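The values are calculated or read from the model by the stated rules, or taken from the named source; none is laboratory data. Keep in mind that this is a model prediction, so the values were computed, not measured. In this analysis, Cβ positions are derived from the backbone assuming ideal geometry, glycine residues included, and neighbour counts consider all displayed protein chains. Side chains included, ligands, DNA and RNA excluded: accessible areas come from the protein's heavy atoms. Shrake-Rupley method; radii C 1.70, N 1.55, O 1.52, S 1.80 Å.
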Amino acid sequence: MSQLQGGTATAARAPEGPADAGRVVVDGVGKTFGGAKARRGRAPVAHAALADVSLTIEPSEFVSIVGPSGCGKTTLLRMVAGLTRPDAGRVLVAGREVTGPGPERSMVFQQAGLLPWLTVMENISFGLRLQGVPAARRAERAAELVHLVQLEGFEQHLPGELSGGMQQRVGLARALAVDPKILLMDEPFGALDEITRRQMQGELLRIWAADRKTSLFVTHSVEEAVVLSDRIIVMGTKPGRVVAEIHVDLPRPRGTDVEETPDFLRLRNEVWQWLDRQL
Amino acid sequence: MAGPAAVSADVVVAPAVQAGAAPGRGSRGRARALAVARRDVLTGLVALAVGAVVWELVSLLVPLDWLPRFSEVMASTGDLLQDPAFRAALVESTVYVLEGYLLSAVIGIVIGAAMGLVPLVDRALRYYLDLALFVPPIVMAPVFLIVLGLSRTTLLAIIVVFASTVIAVNTRTAVAGTDEQLRDVARSFGADRRTVLTRVVLPGALPLVFVGLHLGIARAVKGMIIGQLFLAVIGLGAYSARFERAFDAVGTWSVAVLVIALSLVLSWVVKVADVVVNDWAYRAAGARDE
């Protein structure tokens with residue numbers, strides 16, 4: 001079920017062909033922050049956020065990353081998104097090295113990241129607008145997404161007029177609007193209360209099941225990772241690295257009752273055991 | 001928020017929001033702009049009326065040479081407004097304020113945005129901006145007079161230096177304080193630097209820029225009066241200086257009342273523009289209050 005491979009969860013290999021459009025390969029990436037300049041009389045202080053991290057995410061796979069604060073989860077996700085460049089190694093998407101953001105990837109942010117001056121419809125179609133999609137098509141697509149995330153009646157509302165859960169639905173809809181092959185999510189439910197969080201997990205499972213986009217999900221919640229994922233990557237700190245990979249063999253579709261099953265409890269305990277070793 | 005009702009577990013919204021399909025954004029913005037303008041104007045007028053009554057009573061109960069009755073000042077103001085020369089001076093001063101203010105807005109926003117976006121520009125200009133912010137215009141007026149001579153350029157320079165600084169400071173703060181996550185959102189969809197600037201940084205900065213514009217209009221009026229008093233040959237400042245030299249308290253107060261009225265009208269105009277442009281910020285604030 002799980003394995004500890006000294007920073008290598010799955011061997012990185014360069015994929016080819018359109019069938020691999022949703023495949024992500026992280027190949028020995030490293031990232032160090034700070035330390036570029038020494039301050040007066042002091043040695044530069046560098047922080048190795050990631051060191052020699054490798055993993056592969058298969059098309060249509062839902063992979064979660066869990067780990068203690070500072071283990072580089074978000075940095076790794078941002079590398080896949082093309083928002084952060086690795087100092088060492090490389091990230092491949094569909095066999096091509098990631099050098100920046102691309103239309104095949106889309107990200108859901110921690111605090112929803114909605115533009116407060118745009119309405120729900122305008123926020124959902126924001127990515128489409130930046131990609132030069134004509135207004136009529138944008139409106140059509142945004143309406144589809146409003147329906148998908150069940151926000152009918154709120155199309156003209158501003159983010160400030162929505163609850164936290166509704167804002168995250170808009171953030172998810174915005175990411176889905178550009179129809180990415182790969183969905184990257186950075187603790188999207190981290191700021192939500194427990195009730196809303198569970199409801200959003202259900203919503204995400206429902207939406208994901210529709211076309212099974214390759215998904216990389218960063219979370220602090222072990223339970224959330226088990227409920228959502230096909231595979232869980234456990235990361236450790238100092239430096240940030242992969243310490244375990246746990247396959248989640250719970251049957252789909254999964255409801256909230258899955259948390260009552262012995263298999264769920266076994267998987268949850270297994271993740272916790274790996275995390276406890278990092279503390 | 002009084003009594004929010006749950007639509008579903010995560011759909012908890014203010015009652016006003018919950019009412020269902022929202023009207024168009026434009027109509028909401030206009031309606032709120034009118035409501036805010038109405039509220040501000042009415043509040044201002046009521047406050048002024050109370051002040052006028054207090055002034056009248058105090059001047060009746062405590063006779064002071066320097067404090068004429070309010071009704072007397074208003075009568076004098078009416079007489080002044082009948083005078084074509086005075087009306088021309090009033091128009092001239094207003095034009096100075098508007099010209100100086102528009103120049104200040106452009107200069108302040110451009111400098112503030114450059115400082116907020118480029119750290120090198122920020123470091124280079126920060127101390128000059130602080131100096132311009134703290135040094136009173138009356139100190140700079142003689143310098144401008146020596147450099148530019150007795151001209152309208154001198155007066156405009158005084159207004160611009162006085163008003164543009166506060167606009168630049170607010171713009172700089174707004175631009176530099178742009179939420180990094182919002183930049184990332186745009187970048188994640190492939191936006192280049194220019195697109196991030198036009199689609200994220202500038203729209204998000206507008207509410208704070210308008211705070212600067214609001215403070216700027218007040219400082220433009222002050223700069224105009226100080227400049228005209230210093231030059232003492234043109235506009236309202238010339239009239240004020242003339243009344244002052246003649247120890248004419250009623251005349252001096254009449255000019256002051258007109259300057260206050262001019263300031264209020266210009267301030268209300270900026271406020272309405274703010275509410276129209278930044279209606280989203282007012283709507284969000286309204287939702288929070290509810």
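At a glance:
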{"read-out": "Residue-normalised accessible area of chain B, expressed per residue, 1.4 Å probe, Å²", "value": "51"}
{"read-out": "For the pair B and A, total buried accessible area rounded to nearest 100 Å², probe 1.4 Å", "value": "3000"}
{"read-out": "Amide H partners (placed H, <5 Å) of residue A:89, local residues excluded", "value": "A:30"}
{"read-out": "Given 12 as the ceiling on other Cβ atoms within 10 Å, longest exposed-site-free region of chain B for chymotrypsin sites (Phe, Trp or Tyr not before Pro) in DSSP loops", "value": "B:67-246"}
{"read-out": "Delta accessible area of at least 10 Å² on complex formation, residues of segment A:195-238, 1.4 Å probe, chain isolated as reference", "value": "A:195, A:196, A:199"}
{"read-out": "Segment A:69-200: C-alpha gyration tensor shape, a/c 1.5 cut-off, then a/b vs b/c", "value": "oblate"}
{"read-out": "Protein accessible area in segment A:157-279, 1.4 Å probe - carbon and sulfur %", "value": "52"}
{"read-out": "Within 10 Å of each Cβ in A:108-116, the average number of Cβ atoms from other chains", "value": "5"}
{"read-out": "Amide hydrogen neighbours beyond the local backbone of residue A:248, cut-off 5 Å, H modeled", "value": "A:231, A:232"}
{"read-out": "Contact order relative to length of chain B, as percent, for alpha carbon pairs under 8 angstrom and 6 or more apart", "value": "26"}
{"read-out": "Residue A:67 long-range amide H proximity, modeled H, under 5 Å", "value": "A:235"}
{"read-out": "Nitroxide proxy distance, nm - points 7 Å out along Cα→Cβ at residue B:83 and residue B:58", "value": "2.6"}
{"read-out": "Whole-Hz couplings from phi, Karplus 6.51/-1.76/1.60, listed for segment B:161-166; x for Gly and Pro", "value": "4, 6, 8, 5, 4, 5"}
{"read-out": "Zone of residue B:285's modelled label, taken as backbone nitrogen in segment B:38-62 under 16 Å from a point 7 Å along Cα→Cβ", "value": "B:38-44"}
{"read-out": "Approximate spin-label separation residue B:98-residue B:250, in nm, with each point projected 7 Å along Cα-to-Cβ", "value": "3.2"}
{"read-out": "Antiparallel DSSP beta bridges within the protein assembly as shown, percent to nearest 5", "value": "60"}
{"read-out": "Over segment B:160-290, relative contact order from alpha-carbon pairs under 8 Å, at least 6 apart, %", "value": "26"}
{"read-out": "Phi to ³J(HN,Hα) by Karplus 6.51 cos²θ - 1.76 cosθ + 1.60 over segment B:258-275, Hz, x for Gly, Pro", "value": "5, 5, 4, 4, 4, 4, 4, 4, 5, 5, 5, 4, 5, 4, 5, 4, 4, 5"}
{"read-out": "Accessible surface of segment B:137-276 [probe 1.4 Å, protein heavy atoms]: carbon and sulfur percent", "value": "68"}
{"read-out": "Hz values of 3J(HN,Hα) by residue in segment A:257-266 - Karplus curve (6.51, -1.76, 1.60), Gly and Pro given as x", "value": "5, 4, 5, 8, 7, x, 5, 4, 5, 4"}
{"read-out": "Length-normalised contact order of chain A in % [C-alpha pairs under 8 Å, at least 6 apart]", "value": "26"}
{"read-out": "1.4 Å probe, heavy atoms, protein only - residues of segment B:174-210 losing at least 20 Å² accessible area vs chain alone", "value": "B:181, B:182, B:184, B:185, B:187, B:188, B:189, B:199, B:200, B:203"}
{"read-out": "Å² per residue, accessible surface of segment A:59-150 at 1.4 Å", "value": "37"}
